[in-house]
Amino acid sequence: MPDIPLTTVVVLCLAALAAGWIDAVVGGGGLLLLPALLLGLPPGTPAAHALGTNKAVAIVGTTGAAVTYARKAPVDVRLAVRIGLAALAGSSAGAFFAAGMSTEVLKPVIMVVLIGVGTFVILRPAFGTAPATGPATRRQILAAIGLAGLGIGFYDGLIGPGTGTFLVLALTAVLHLDLVTASATAKIVNCCTNAGALAMFAWQGAVLWQLAALMAVFNLAGGTLGAHTALKKGSGFVRVVLLTVVFALVAKMAWEQWVA
């Protein structure tokens, strides 16, 4: 592991705590955690190490949130696992291609993705506020497997941040779920995408395991707390958190990219 100052480690652990909470509520904890790692790791550290360490941390918090949701939310676990298996394959493929990606490429891509998510949610104020009207059709299931599984899974392995948010949006749009149920389903799928990407990064030796283990403890605490909060507050609260997170991070990354 590279030599990292203690103050930086503390900041990274706090970022992992906050990211776990955000990820459990609405997805997208990586939008906080990955930039924190990119900034906190010593100059010259390959971007793949930030990506791999991010996955090792995130899978712990996501699993904690998934377990909490599965116990209390109306989640179709069988469907979530089917989408998750496709996502595992997609994320493994994405991680394979991510090894040569540079930090300078990652930051602008993440920013564009954030703006797109925020714009979509603003233009659709009723999005994700109504519960599902019935069981998903075969066409809806296949669409969810293709889009949320293979497509977003590939993105998760390639870049990662925002995957949970994109899963929530895709599952809400395709399966007509409310935001809380979509968040619960997304956590199970996200566990699979994280596992596929992490396996590939580990095989490539791109995970800082000691740092990841420490940050994972904080991420787990944040994830468990976030799931309880979302279940208690409901879809309206999830939507507010989504928009707040998206635009705060757009402003932060724009400042770093063009002003700082």
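Taking the criterion of being under 12 Å from ASN190 (Cα atoms), of a type in the set (A, V, I, L, M), surrounded by 21 or more Cβ atoms within 10 Å (Cβ to Cβ) and in contact with a Cys (Cβ under 8 Å, 6 or more places away or on another chain), would at least one residue in region 57-65 satisfy it?
Among the residues of region 57-65, at least one is under 12 Å from ASN190 (Cα atoms), of a type in the set (A, V, I, L, M), surrounded by 21 or more Cβ atoms within 10 Å (Cβ to Cβ) and in contact with a Cys (Cβ under 8 Å, 6 or more places away or on another chain), which makes the answer yes.
Are any residues in region 170-195 surrounded by fewer than 24 Cβ atoms within 10 Å (Cβ to Cβ) and small (Gly, Ala, Ser), and if so, which ones?
ALA170, ALA173, ALA195
Tally time: how many residues in region 214-260 are part of a helix (DSSP H, G or I) and either among the basic types (Lys, Arg) or under 14 Å from ALA184 (Cβ atoms) (or both)?
Matching residues across region 214-260 total 14.
Looking at region 196-215, which of its residues are more than 14 Å from the chain's Cα centre (by Cα), open to solvent by 10 Å² or more (accessible area, probe 1.4 Å) and not β-branched (Val, Ile, Thr)?
ALA199, MET200, ALA202, TRP203, GLN204, GLY205, LEU208, TRP209, GLN210, ALA213, LEU214
Of all residues being free of Cβ contacts under 8 Å to residues at least 12 places away in the same chain and assigned to a loop (DSSP other than H, G, I, E, B) in region 7-53, which is least open to solvent (accessible area, probe 1.4 Å)? Just the residue, please.
Here the answer is GLY44.
The values are calculated or read from the model by the stated rules, or taken from the named source; none is laboratory data. These numbers come from a predicted model, not from an experiment. Heads up, the Cβs are rebuilt from the backbone with ideal geometry, glycines too, and the neighbour counts pull from every protein chain shown. All accessible areas refer to the heavy atoms of the entire protein, side chains included, with ligands and DNA or RNA removed. Shrake-Rupley method; radii C 1.70, N 1.55, O 1.52, S 1.80 Å.
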